[in-house]
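First comes the structure, then the notes that go with it.
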Amino acid sequence: MAKIGFDIGGTNIAAGLISDEGTLLKKGSLPFPQDKDFEKVLSTCEQLVKALEEGNEPVESVGVAVPGSLDATASIVLNAFNLGFCNTPLKDILAERLGKKVFLINDADAAVLAEHRIGSLKGCTDAFMITLGTGLGGGLILNDKLYRGGRGHGSEPGHLILYNGGRRCTCGNDGCAECYCSATRLVTDGKSYGWTTAKAVIDAAKAGDDFATAIFNKYVDDISSYLASVINLLDPERIAIGGGVSAAGDFLMTPIRENTWRKVFFNERTDIVIATAGNDAGIYGAAFIAE
Ligand code: BGC
């Protein structure tokens, strides 16, 4: 029976109907309520389910990818700072609201799962992925399986500290990698020049603007330092880069590869590729965990 996968992000709530064979049959997306009102989040999810089920068999089970850490039973969202969720028992509330079984997963873990099953990490035994979006997401495949953490919280690679005493993160710490490697970093740095999206900064850099180029080069350098540290720790077979910023393609990937390889301890080069499940990776991964 088909499943619905949700990807709840700070900008949009996306959902897709995924067949048993893993094909995306239908997709929908609505804005995440900007006042972060929880009731509105629930009614948005309800609307999306209705739209996806129209003309199709009702589904019994829904997977939900959320941009935050979960408790060990994957029932409570402990902290999803970019959504304003804190100790939110989302699994039970959503299950009651939708009248369906609900399964939760971290959004980046969902993306890793999707990449491992159907995308760029297929066939890898030990791999790492980052998603460059509002936040910096990341997850690991270790021993052919999604790494769930020693205490069931998974990993939060966006909150590795890249700069001691650096920029203030939404999590309350200073200097997290997320402050330097997410799309939000490009928006923050580009704002005073009139660029309000990561894409606008990248497009200006592509067009040769000096200020945009300086912002972009620093961004690439920070991502590369981060990835070099990850490679030194894990020696992954492959690293996938996903999220909205990865749409910049080779313009982003080529300097990231060169920079990272220069900084890494090992002589052998780690394969660094663009995630292929694209923006739907979260939806797929969420549907894959729905039973
Ligand atoms: C959150 C992660 C999430 C990432 C991407 C981070 O701020 O802590 O759990 O995966 O953003 O959404």
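Every number here is computed from the coordinates shown, using simple stated rules; none is lab data. Since the structure is predicted, the reported quantities are computational estimates derived from the model, not experimental observations. Cβ: placed from backbone, ideal geometry, glycine included. Neighbour counts: every protein chain shown.
Points to keep in mind about this one:
- Multiplying the residue separation of ASP235 and ASP174 by 0.36 nm and subtracting their alpha-carbon distance yields 19.3 nm.
- Cross-link check: pairs LYS218/LYS263; LYS122/LYS206; LYS3/LYS50 evaluated at a Cα-Cα cut-off of 22 Å; pairs beyond the cut-off: LYS122/LYS206.
- Put the Cα centre of region 105-175 next to the Cα centre of region 201-220 and the gap is 26 Å.
- Applying a DSSP loop filter and a limit of 14 other Cβ atoms within 10 Å to the trypsin sites (Lys or Arg not before Pro) in region 185-291 leaves ARG269.
- CYS181, CYS45, CYS86, CYS171 arranged by Cβ crowding within 10 Å, fewest neighbours leading: CYS86, CYS171, CYS45, CYS181
- Ranked GLU46, GLU178, GLU291, GLU156, criterion: other C-beta atoms within 10 Å, fewest first: GLU291, GLU46, GLU156, GLU178
- Expressed to the nearest 5 percent, the antiparallel share of DSSP beta bridges inside the chain is 60 percent.
- Whether region 1-160 is rounded, prolate or oblate, judged on the alpha carbon gyration tensor where a/c under 1.5 counts as rounded: oblate
- DSSP bridge pairs, region 123-274: antiparallel proportion in percent, nearest 5: 55
- Extension gain from GLU291 to ASP144, taking 0.36 nm per residue of separation minus the Cα-Cα distance: 50.9 nm
- By the beta-carbon count within 10 Å of each Cβ, the least crowded to most crowded order of SER19, SER192, SER29, fewest first, is SER192, SER19, SER29.
- For region 11-25, putting each phi into the Karplus relation 6.51 cos²θ - 1.76 cosθ + 1.60 with θ = phi - 60° gives couplings of 9, 10, 9, 10, 8, x, 9, 10, 6, 4, 7, x, 9, 7, 8 Hz, in residue order, rounded to whole numbers and with x for Gly and Pro.
- For the chain, the Cβ-based charge dipole about the Cα centre amounts to some 320 debye (Lys, Arg positive; Asp, Glu negative; other atoms uncharged).
- A Förster radius of 51 Å, combined with the Cβ-Cβ distance separating GLN34 from ARG151, puts the computed FRET efficiency at roughly 0.95.
- Taking 0.36 nm per residue of separation and subtracting the current Cα-Cα distance, fully stretching the chain between LYS191 and SER43 would add 50.0 nm.
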